[in-house]
């Protein structure tokens, strides 16, 4: 082949590659998008994911289909996205656990900061601290004072050792310098019933699990982890407002794509998610389940998660939540 | 409004065409899902979830509840026909149900399951309507020590599940408990026996194990024994012969009623659901039966009782949801989210606060049970006719079914490996006459048992005395002691209590 | 009139072999259970029984292993002398073959897809158990595999995606 021909061929090939990727980004999305949820249907993450598909579909112009890949405490879903094609059609909707907690307590085949790329963070999913209605303390300070008395033991029922609920409470007890007997339960629901039954004193859980007993008058909230107040209990102060600074900030949900996805596609997704977070309908629906949908850019979000992850690594080691 | 007004109101609302339609769709879908082993109510609900978001709350609840107990009706079908348990709640039905099918009484077994489910389901609906608040308060008194002792009692029924020696039955239960320890422990956060595989972090999938131990092993037994008992052909159109005869029906009425009561109360305990109810019912029926040795060879009580119990248990499991607003399973969690999003809050006062919702849902649950009976009874003939498929094709079909079901449970390829291994183990167990039902019980109870034990020990700072210091737990310990000591004493004085295999001379 | 020898203690020679066989089956079970308890404990050896004055992850496993050992010993001593007759002989070869097909299914599913794997499984079982003619066995298996595809994938919406051929 003559040199000219080779040159033309090379230019042509480069052109197709370049145009190809741009075109791909340009026409993205051209088919349905799969949103992978790491848990089985019905949980709070699944619910949040389903709620978010509505505005996303509006702003992306394509159907967003939920795929539940449960197992391994969220690891399997994460792995599914990690191994997917980086074409922007498989997106992970992640809860905090698999990203900032799981790698410290289990052998997982992914690095949450290297194998998947964060697109954006969404929202704040607060955690509330719940006690029985007739407990002799109404907020953290009173609780602190009460359990410092000799012979009194703070029994805390969690949603499982190593869950975010548990770790957040651990952070608090360290900030309060208060000893706590941790009684783990398999899900947050059991923690709540055990509080109602008097078998443990407090529990930390998602607002939606607590809403019924609180509205009903059988239980009360002592505090909220996060920056916003809970709509159905607006007088309950946040942990920070009550004077305890912890690294325990809001929990969140976040969107991730596989490593290698082109920046153009990521930008499109980011834009859609941002618009979704500002969508008034979406905000109203989320508020009903006591979430806010604050948008966090990938940069801010990654910084936040890295910080949280570091704190948790610390705690995990201290609490003896070992790997294997 | 008082109950009578409530029921009338509810019935009126429940009979509205649209509500009826959703109820029917729910139970139909539930039955179909229930027949397919492996999916169960969770999967069934998730598939239909998108539909429910736009619907009126009451109608959505009606449909979801329909799917939920519909699956309990369908689950017994594969257990009886092919010895493949569709869900954990259907394992017990395999024991006598499949034996009845082998004797040519598959239609009778299926019909008894359907009728029993209806009777118990109806009883449970009334229980739900009137007893729910009181039950909820009682259930709150159950803390970890109570759960532990109760689960231990449940485990002791393992002895009654088969006709082999107590030691064999219990050893299988222990193995089941051991399999249950695989995975990341909720209590300690440690991973146990996972060997680095992420699929094992949440433990071994019980459906895969059940399908292997029961379904695959049964198929292999059929294929690989030189002598097979001939599957008796079902009469095709002779309704009188397909449906239960007088004796079978007579023997089943008591178990159905008892199953309904037991099932409802056991199911109302937070965390248990239908499976445990069926085990308890089976053990009870065997204990009080005049012919306990028939259990395991096709006793109708062994089908009617447990099937009634698991249906009542499913309804009972709605008690903690509706009265405390605390969901214990994915199914109830979905229902809870739906309710909350629409502004209806579960509480013991739900009856007073949102009477329209409550009574409509309750009434349509009753109607749903009727629909299920009407749906399933004619199908009995159809299902039974399936057994006429020549065995050489049937076995392959069952395997395909099993594999599909296992994969449908979790979409995990690893589970297919589990099924294969469980199948191999199941075959060995059959050859050694080691019963599989206690193993299933061990797997079901394992997590409950261990979690409760650990939680109790944490609360008591390591002292096992907590189990006798608390009144309810102490009662259970007492019962346990009686249950264990009585057979021991009887044996010491010469009387055999546990039937052994008939000696042939 | 039967000729009585010293060996003859009321049982015929066949039944004596059967007696030995079942006693040994039960004894084999007992040994296997002991092995299971042993391996189970070994695999969990590094887990702590007690963690900082709280019960640890090895507590229940140890208890279970002890219970299993005790039960296994009881089974050893309780070994029954007579088998249940009427079962016929066991064809171990066939059992292994069927399990082999299932294992192959597990391996092949991502490569061949649901429909083809079902076809393979059905055909394999047909050829092992009362095989008919190759043609009809294959045709029947194909029909069933296709039907399974339509029912479970199309109707029920189960997705076996990530696979190569026909979901």
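Computed from the coordinates by the stated procedures, all read-outs in this text should not be read as laboratory data. Computed from a predicted model, the values in this text were never measured in an experiment. Here the Cβ is made from the backbone with ideal geometry for all residues, glycine too, and neighbour counts use every protein chain on show.
What to note about this one:
- Using the Cβ-Cβ distance between residue C:32 and residue A:107 with R0 set to 41 Å, the FRET efficiency works out to roughly 0.85.
- B:247, A:241, A:216 arranged by Cβ crowding within 10 Å, fewest neighbours leading: B:247, A:241, A:216
- The mean count of C-beta atoms from other chains within 10 Å of the C-beta of residues in C:133-141, rounded to a whole number, is 1.
- Burial ranking of peptide ranges B:301-312, B:316-327 (average Cβ count within 10 Å, highest at the top): B:301-312, B:316-327
- Shown is the FRET efficiency for residue A:142 and residue A:278, computed with R0 = 30 Å from the Cβ-Cβ distance and rounded to the nearest 0.05: 0.15.
- Every helix of 4 or more DSSP H residues in chain B counts as -39500 (n - 2.57), and over all residues that averages to -23000 deg cm²/dmol at 222 nm.
- Average other protein chain Cβ within 10 Å of Cβ, residues C:26-36: 3
- Normalised by 2.2 N^0.38 Å, with N the number of residues, the alpha-carbon radius of gyration of the protein assembly as shown equals 0.96.
- Overall Cα dimensions of chain A - principal axes, largest extent first, Å: 93, 43, 31
- Residue order, fewest to most beta carbons within 10 Å, for B:23, B:402: B:23, B:402
- Cα convex hull of segment A:150-217, projected area averaged across orientations, nm²: 4.8
- Inter-label distance, nm, simple model (7 Å from Cα along the C-beta direction), residue B:8/residue C:96: 7.4
- Per-residue shielding of B:385-398, expressed as the average number of other chain Cβ atoms within 10 Å of the residue Cβ, stands at 4.
- More than 42 Å apart - percent of Cα-Cα pairs taken over chain B: 14
- Among A:100, A:127, A:285, residue whose mean-square fluctuation peaks in a GNM of chain A (springs only between Cα atoms under 10 Å): A:285
- Mean projected area in nm² (Cα convex hull; one quarter of hull surface) for segment A:175-324: 11.7
- Report summary: the helix-based calculation at 222 nm, which adds -39500 (n - 2.57) for every DSSP H run with n ≥ 4 and divides by the residues of chain A, gives -14000 deg cm²/dmol.
- Helix A:207-216 axis, angle to chain A major axis (alpha carbon atoms, nearest 10°): 40
- Label positions at residue B:197 and residue C:43, each projected 7 Å from the Cα along the C-beta direction, are separated by 0.9 nm.
- With R₀ fixed at 30 Å, the C-beta to C-beta distance from residue A:181 to residue A:228 puts the FRET efficiency at about 0.50.
- Over segment A:246-288, equivalent-ellipsoid semi-axes from the Cα gyration tensor in Å: 24, 18, 7
- Helix A:3-27 and the long axis of chain A differ in direction by around 30°, with both axes built from C-alpha atoms.
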